[in-house]
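> One structure, as structure tokens, below. Some questions next.
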Amino acid sequence: MSEKKDKKKIYKPKPISGFPEWLPEYRAVELQWLDKIRAVFESYGFCSIETPAVEELEVIAAKGEDVDKEIYVLDRLQADEDNKKDARLALHFDQTVPLARYVAQHFDGLTFPFKRYQMQKVWRGERPQMGRMREFLQCDIDVINVDHLPIHFDAEVAAICYEALASLDIGRVQLRVSNRKILLGLLEALNIEDTIKVTSFIDKLEKIGRDEVERVLNEDVGLETDQISQILDLVTSKDLAAIDAKNDTMKEGVEELSFVMKQLETLPADAAIADLTIVRGLDYYTGTVYETQLLDVPEFTGSVCSGGRYDDLAGSYINKHLPGVGISIGFSRLFDVLRQNGKIEAGPSSPAKVLVVLPAEDQREAMNSVAQTLRKNGINTETAHGGKLKKQIAYAEKKGIPYVWFPADGQVKDMASGEQSDADPESWKP
RNA sequence: GCGGUCGUAGCUCAGUCGGUAGAGCACCUGGUUGUGGUCCAGGACGUCGCGGGUUCAAGUCCCGUCGAUCGCCCCA
């Protein structure tokens, strides 16, 4: 069995930063969670699609250098001599871009409004840190329509994500909802052009504080005190009805947000709040935007679930106007942060409910027969692989298999209580 | 890309003023014949991240390098 002393040369693998993997007992929980999320998505009629890990680099197309450097490209170790042109394929870094491409390519085969969910890995070449990985799973839902997408979908996707998160039993979840038109409308009215800079500083409001934001808006963006106070008063205002709309954009934003919030009133109290400090870094969001916090997990400062509305999803891939709205649950970050903070109880390391043991070789046939009967009745069942009986039972114990079956005696032992009783495999239930 | 911290058994770590490695957990075997979790006894497991330097002697000191980790930047 064991090779003698001649030392085998082994390469000791190093952990790969940002590419997490779990032991079976946590993977079991992860699968349960994914099943719950999927069930909620499907209960609203969202269909599933899966797109390839890679897209053409042209499709993923960089929007700037910061983005570029996070994209992983795909290449063969030994590319052919005459094939040494630039990388053509890249791993997708989100599921929105692949969705856009998918909708454009399959336009004639889809029924609109197209409502789909997608739960896949994405890859980003970032420096990993707490809750931040280079390979991670996202659960996205989006609704895409041709020409016009009714505003009620903005409320629906948010409500669905809330329900999905709530089904995981991870404490209080709070959606924070805003509408970019409100702030952008004000900036327009104030003749402020550098909207990206302003929104990115507003985004940091909670993190660096009001004083600091005032300072950078003044020193880095060059805004005047009056402009700054108008902006900050707006984003910190709590009452939508009290907002003084300075132009149509602002007015539209306030109306949309009010409608969405009204729709979300069916959720539990505080499950969804309007918060104008939410603006999102992304520039392609044009209306409603969302972020989500776990109120009972203070260690988790980031957003677990965010998204928004975009006017024209696939405009660069097809000559159609396709507005959409979507949210993405950052599944891996959610799971990892909760796990690291001891908020996830490990599951069993085996899906089996029963281990049928083999006390003696002449019982093999009986063992297999009992196991087949149990499986036919939908009970996950493992058969023992031999060895001493005490080893077999210890095996069940270690793997968290709750019942051990003795085929010759027709008895089943409850591992938790230690009790053993007669049972018929045809009718027995765990 | 920048900064802090850290690399010793599968895991978590100890290793005193430099004298060529230890614990716990996990793993394997046994404590008699067909019953787990406890306990007891025994066993296996290390190029002390890698390379160089100082020294009679380096896990320990110096330099470099790689990796990990936390944070910053950024975050579709």
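> What about A:Gly185, is it crowded, with 16+ Cβ neighbours inside 10 Å, among the small types (Gly, Ala, Ser) and touching a Phe, Trp or Tyr at 6+ places or on another chain (Cβ under 9 Å)?
no
> Quick one: in the range A:418-428, of everything that is without any contact (Cβ under 8 Å) to a residue 24 or more places away in the chain and more than 7 Å from RNA strand B (Cβ to nearest atom), which residue is surrounded by the most Cβ atoms within 10 Å (Cβ to Cβ)?
A:Ala423
> Please go through the range A:232-262 and pick out each residue that is assigned to a loop (DSSP other than H, G, I, E, B) and within 17 Å of A:Gly287 (Cβ to Cβ).
A:Ile243, A:Ala245, A:Asn247
> Next question, about the same structure. Among the numbered conditions (1) within 24 Å of A:Glu25 (Cβ to Cβ); (2) away from RNA strand B (no atom under 12 Å from the Cβ), tell me where A:Met415 comes up short.
(2)
> What helices (runs of 4 or more DSSP H) completely inside the range A:138-231 contain at least 2 residues that are more than 21 Å from A:Lys115 (Cα to Cα) and among the basic types (Lys, Arg)?
A:180-189, A:210-219
> I've got another one for you. Of these, A:Glu252, A:Glu256, which one is touching an Asp or Glu at 6+ places or on another chain (Cβ under 8 Å) and surrounded by 16 or more Cβ atoms within 10 Å (Cβ to Cβ)?
Answer to the selection: A:Glu256.
> I need the helices (runs of 4 or more DSSP H) fully contained in the range A:30-128, keeping only those with at least 1 residues that are more than 15 Å from RNA strand B (Cβ to nearest atom), farther than 28 Å from A:Pro323 by Cα and at pLDDT 90 or above.
By residue number, no helices (runs of 4 or more DSSP H) qualify.
> Specify which of the listed residues (A:Tyr290, A:Tyr284) is in contact with a strand residue (DSSP E or B) (Cβ under 9 Å, 6 or more places away or on another chain), at negative phi, aromatic (Phe, Trp, Tyr) and part of a loop (DSSP other than H, G, I, E, B).
After applying the criteria, what remains is A:Tyr284.
> Does A:Ala360 meet the test of being of a type in the set (A, V, I, L, M) and surrounded by fewer than 14 Cβ atoms within 10 Å (Cβ to Cβ)?
Yes.
> Can I ask one more? Which condition breaks for A:Arg375 when tested against (1) away from RNA strand B (no atom under 15 Å from the Cβ); (2) modelled with pLDDT under 95; (3) charged (D, E, K, R)?
(2)
> Look through the range A:369-386, keep the residues that are charged (D, E, K, R) and in contact with a strand residue (DSSP E or B) (Cβ under 6 Å, 6 or more places away or on another chain), and return whichever of them is surrounded by the most Cβ atoms within 10 Å (Cβ to Cβ).
Ranking the qualifying residues of the range A:369-386, first place goes to A:Glu382.
The values are calculated or read from the model by the stated rules, or taken from the named source; none is laboratory data. These figures come from a predicted structure and were not determined experimentally. Methodologically, a virtual Cβ is constructed for each residue, glycine included, from the backbone with ideal geometry; neighbour enumeration extends over all protein chains shown.
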